[in-house]
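Chemist: Quick one: the structure is below, questions incoming.
The values are calculated or read from the model by the stated rules, or taken from the named source; none is laboratory data. No experiment lies behind these values; they were computed from the predicted model shown. Because the Cβ atoms are built from the backbone with ideal geometry, glycine has one as well, and the counts that use them run over all protein chains shown.
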Amino acid sequence: MNSLWNSCLQEIEKKILPENFNTWFSPTFPSSNDQGRLTIAVPNRFYEKCLTENYLSLIQDTLDNLSQEKVEVRFEVIPGGLSPQTPPVQTPAVAPVAPQPAPTQQKEPSPSIFMQARNPAYQTCLNPKYKFDSFVVGPNNQFAQAACQAVSSNPGLNYNPLFLYGAVGLGKTHLLHSVGNEILKAHPDARVRYLSAENFTVDLIESIKRDQMHSFRERYRPLDVLLVDDIQFLGGKERTQEEFFYTFNSLYEYHKQIVISADRYPKDMHDIEERLRSRFESGLIADIIPPDLETKIAILFKKAESHKKQISQDVAAFLAQNIKSNIRELEGLLLRVIAYASFTKRNLDMALAQEVLRDFTVDKNRNFTIPNIMRTAASFFNLKVQDLKSKRRSREISVPRQIAMFICREHTPASLPEIGRQFGGKDHTTVIFSHKKIAKLVKENKEIEKTVDEIVKIIEQG
Ligand code: ADP
Ligand code: MG
């Protein structure tokens, strides 16, 4: 039994990185071999999980090559296990006591939430670029930024969960990563994980498909800090919401810090179940609103500095005035200006900024033609362009048609009769009516506002 496992280890050692071998295989030993079933002792459940997920097929293949008969391998947790330095023992009827504590075992909520040792297999998914240092504080985000800093200094204590909300491009993701990076700076062993609600959903679906729900839960429940971006993505996904609810509760119970971002206030997330919404509301809620001109200018200076470029006050003000609120867009424009100056070997001055902005606006508007708006809107609502052009008045068709007309009116220079003509010969009064109706709905109904924004974004991106 021992020699089989030892030979297996020798083979595996040749195939994987030494640090991985030392971490994952050194503390293992065979505990029994019954009728072709080889049981390998591992120090804790985390080893069992990692070996199963990452190395089981390698182990199985190696054993198949070494042995004449079919050997089926399984793992057994023997707490304490063996330290990497300890040579395998002959008959480990009683598990030897490890000279060092085994990593990642936690049963009781510990006084500090960072008692667990660093887990080598584990990914934080943090972007090191997004830190508090590079985040410009203005009146629009001051409260959210302060809340994030408070949470970073005392994770899990006062503001749990912290819920950030605001429109796209206003710095939510930046702040979420900043929290993670800041906590890791002070507690390098903390288990911090950033992910989007979309990734959570994908992970869940994959785990269900592969019948690996156990390991799915094991991936989230031992975390110290969970940062979940764009939680509105869970809207309408009941199974994912249910699983997120359990994940949330199990972390919350152990005072693990949870930070969530969304594009709107919890109460306005109508397709998220009530029990989750009320969890979100139970902590601290902080909003981020669009930046004022001064903040936008300050952000431009900071970003230029990070690219080791200088821009003048008037260029910064000019760029900031021309981008309404989305900071991602503002950053994109600045990058264009910098790139353009460098390609053309020209000074980064007002004349250059004006030229670049002109192209930028043209680029953005290039896709807004009536046929393209109709095509995009139709496919968004799972309809045919012909439906939008038809005279059918059922709600499923008339609302998408009105939305498409609204976008045409807002985003193209076409006249009312021209829009009506392209929508299957409708009267210009129909276009006026549609525009008015949707303009009102967009103000009153967040769902409609979001739908319109999404369609516009799809068109912009081509
Ligand atoms: P959101 O997640 O809210 O859509 P992001 O966090 O992705 O927005 O921000 C978009 C871009 O704008 C990022 O590159 C981010 O670094 C930058 N940004 C947003 N707010 C600020 C800020 N206050 N200071 C510096 N950069 C910012
Ligand atoms: Mg984001």
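Chemist: So, of the residues in segment 35-86 that are part of a strand (DSSP E or B) and closer than 19 Å to Ser215 by Cα, which turns out to be modelled with the lowest pLDDT? Give the derivation first.
Modeler: Going through segment 35-86, the residues part of a strand (DSSP E or B) turn out to be 37-42, 72-77.
Applying the additional criterion that residues be closer than 19 Å to Ser215 by Cα yields 40-42, 73-77.
Numbers: Ile40: 91, Ala41: 87, Val42: 83, Val73: 91, Arg74: 90, Phe75: 90, Glu76: 87, Val77: 79.
Restricting to residues being part of a strand (DSSP E or B) and closer than 19 Å to Ser215 by Cα, the top hit is Val77.
Chemist: For segment 106-144, which positions are modelled with pLDDT under 50 and either within 13 Å of ligand 1 (Cβ to nearest atom) or among the charged types (D, E, K, R) (or both)? Full working, then the answer.
Modeler: Kept after step one, since they are modelled with pLDDT under 50, are these residues of segment 106-144: 106-121.
Hits for segment 106-144 are Lys107, Glu108, Arg118.
Chemist: For segment 48-61, how many residues meet the condition of being crowded, with 21+ Cβ neighbours inside 10 Å and either within 14 Å of Ser7 (Cα to Cα) or not assigned by TED's automatic domain parsing to the domain that holds Ser7 (or both)?
Modeler: 1
Chemist: Sticking with this structure for a sec: Filter segment 277-288 down to residues that are outside any helix (DSSP H, G or I) and surrounded by 16 or more Cβ atoms within 10 Å (Cβ to Cβ) and give me whichever is nearest to ligand 1 (Cβ to nearest atom). Explain how you work it out, then say what you get.
Modeler: Our first condition is that a residue be outside any helix (DSSP H, G or I); within segment 277-288, this holds for 282-288.
Filter once more, keeping what is surrounded by 16 or more Cβ atoms within 10 Å (Cβ to Cβ): 283-288.
Values: Gly283: 19, Leu284: 18, Ile285: 15, Ala286: 12, Asp287: 11, Ile288: 7 Å.
Ranking the qualifying residues of segment 277-288, first place goes to Ile288.
Chemist: If we scan segment 200-219, do we find a residue that is within 13 Å of ligand 1 (Cβ to nearest atom) and not assigned by TED's automatic domain parsing to the domain that holds Leu51? Working first, answer last.
Modeler: Of segment 200-219, the ones within 13 Å of ligand 1 (Cβ to nearest atom) are none.
No, because not a single residue in segment 200-219 is within 13 Å of ligand 1 (Cβ to nearest atom) and not assigned by TED's automatic domain parsing to the domain that holds Leu51.
Chemist: May I ask you to list pairs of residues, at least six apart or on different chains, whose Cβ atoms are under 7 Å apart, with the first in segment 394-409 being under 13 Å from Ile455 (Cα atoms) and the second being among the small types (Gly, Ala, Ser) and outside any helix (DSSP H, G or I)?
Modeler: Cys408/Ala414
Chemist: I need a count of the residues in segment 126-175 that are among the charged types (D, E, K, R) and buried (at least 20 other Cβ atoms within 10 Å of the Cβ). Spell out how you get there, then give the answer.
Modeler: Here is the first cut: in segment 126-175, the ones among the charged types (D, E, K, R) are 129, 131, 133, 172.
Next cut, buried (at least 20 other Cβ atoms within 10 Å of the Cβ) only: 172.
Looking only at that region, the number is 1.
Chemist: Which residues, taken from segment 372-418, are assigned to a helix (DSSP H, G or I) and small (Gly, Ala, Ser)?
Modeler: So in segment 372-418, the residues assigned to a helix (DSSP H, G or I) come out as 372-380, 385-389, 395-411, 416-418.
Scanning segment 372-418 gives Ala377, Ala378, Ser379, Ser398, Ala404.
Chemist: May I ask you to verify whether Arg401 is of a type in the set (Lys, Arg), in the same structural domain as Val442 (by TED's automatic domain parsing) and either at pLDDT 95 or above or surrounded by 15 or more Cβ atoms within 10 Å (Cβ to Cβ) (or both)? Before you say what the answer is, go through the steps one by one.
Modeler: Details: of a type in the set (Lys, Arg): yes; in the same structural domain as Val442 (by TED's automatic domain parsing): yes; either at pLDDT 95 or above or surrounded by 15 or more Cβ atoms within 10 Å (Cβ to Cβ) (or both): yes.
In short, yes.
Chemist: Could I ask something else about it? Would you call Lys303 charged (D, E, K, R) and either outside the structural domain of Thr173 (by TED's automatic domain parsing) or touching a Pro at 6+ places or on another chain (Cβ under 9 Å) (or both)? If you could, list the steps in order and put the result at the bottom.
Modeler: Values: charged (D, E, K, R): yes; either outside the structural domain of Thr173 (by TED's automatic domain parsing) or touching a Pro at 6+ places or on another chain (Cβ under 9 Å) (or both): yes.
Here the answer is yes, as Lys303 does meet what is asked.
Chemist: Just the residues that are in contact with a helix residue (DSSP H, G or I) (Cβ under 9 Å, 6 or more places away or on another chain) and farther than 18 Å from Leu300 by Cα, please, taken from segment 335-354.
Modeler: Once the filter is applied, which keeps residues that are in contact with a helix residue (DSSP H, G or I) (Cβ under 9 Å, 6 or more places away or on another chain) and farther than 18 Å from Leu300 by Cα, segment 335-354 yields Thr344, Arg346.
Chemist: Please go through (1) in a helix (DSSP H, G or I); (2) over 21 Å from Glu69 (Cβ atoms) for Glu11 and return the number of the only condition it doesn't satisfy.
Modeler: Going through the list (1) in a helix (DSSP H, G or I); (2) over 21 Å from Glu69 (Cβ atoms), Glu11 breaks only (2).
Chemist: A follow-up question, please. Go through segment 14-47 and give me each residue that's touching a helix residue (DSSP H, G or I) at 6+ places or on another chain (Cβ under 6 Å) and surrounded by fewer than 18 Cβ atoms within 10 Å (Cβ to Cβ).
Modeler: Correct list: Phe21 only.
Chemist: Hey, can you tell me all the residues within segment 404-462 that are surrounded by fewer than 13 Cβ atoms within 10 Å (Cβ to Cβ) and hydroxyl-bearing (Ser, Thr, Tyr)?
Modeler: Result: Ser415, Thr429.
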